[in-house]
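Everything on this sheet refers to the single structure shown next.
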């Protein structure tokens with residue numbers, strides 16, 4: 001087993017233990033489900049955050065993307081972006097983090113993107129869970145408005161409910177670390 005296989009297996013174990021909840025849930029998309037993926041339980045976990053950063057950077061490298069920064073729609077993307085930035089520093093290949101607000105602030109500088117790199121800088125969108133792809137599309141649109149070309153998107157989990165296809169049909173390359181089916185198979 002390679003180090004990459006080991007870190008992926010450890011991350012899957014944390015996701016299964018910390019982030020999968022069974023019951024009846026209404027998702028952000030409005031759909032209902034008999035399980036909920038609360039990836040914040042993993043992205044805010046000490047080892048989970050580190051492993052998310054490792055795996056996001058590995059996915060970016062596999063795709064050959066060269067982002068200046070990673071980020072996405074607050075709140076789910078925030079710990080992913082921060083973990084990725086920290087791990088990138090530890091690995092000696094720094095990638096900054098940025099945060100996208102659902103709407104521009106009505107006070108101060110009125111920024112919609114906090115920590116945005118200069119216009120023209122390539123970015124990668126990060127997402128905790130893809131269901132319909134709506135949150136990711138909001139983040140992509142904000143980046144485009146700020147003049148930030150989006151190289152692609154890395155999600156922790158794809159629920160396999162059409163979101164990936166929606167994102168790809170919008171011209172976005174998508175890399176998911178796990179599928180819901182994969183994580184639920186052993187839970």
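We did not get these values from a lab; they are worked out from the coordinates using the rules stated. Please read these numbers as outputs of a predicted model, since none were measured by experiment. Note: ideal-geometry Cβ built from the backbone for every residue, glycine included; neighbour counts use all protein chains shown.
Before moving on, here are some points about what is shown:
- Here region 107-187 is treated as an ellipsoid with the same Cα gyration tensor; its semi-axes, largest first and in whole Å, are 27, 13, 11.
- Order of 98, 178, 25 - criterion: other Cβ atoms within 10 Å of each residue's Cβ, fewest first: 25, 178, 98
- Its DSSP H runs of at least 4 residues, each contributing -39,500 (n - 2.57), put the calculated 222 nm mean residue ellipticity of the chain at -11000 deg cm²/dmol, to the nearest 500.
- Dmax and Rg, reported as Rg then Dmax, of the chain (C-alpha, Å): 15.7, 51
- Annotation: the antiparallel percentage among DSSP beta bridges lying fully within region 3-184 is about 25.
- The average projected area of region 44-124, computed from the convex hull of its Cα atoms over all directions, is 5.8 nm².
- Distance between modelled label sites at residue 22 and residue 182, nm, 7 Å Cα→Cβ extension: 2.3
- Extending 7 Å from the Cα toward the beta-carbon at both residue 122 and residue 2 defines two label points whose distance is 2.1 nm.
- Length-normalised contact order for the chain - Cα pairs under 8 Å, 6+ apart - percent: 18
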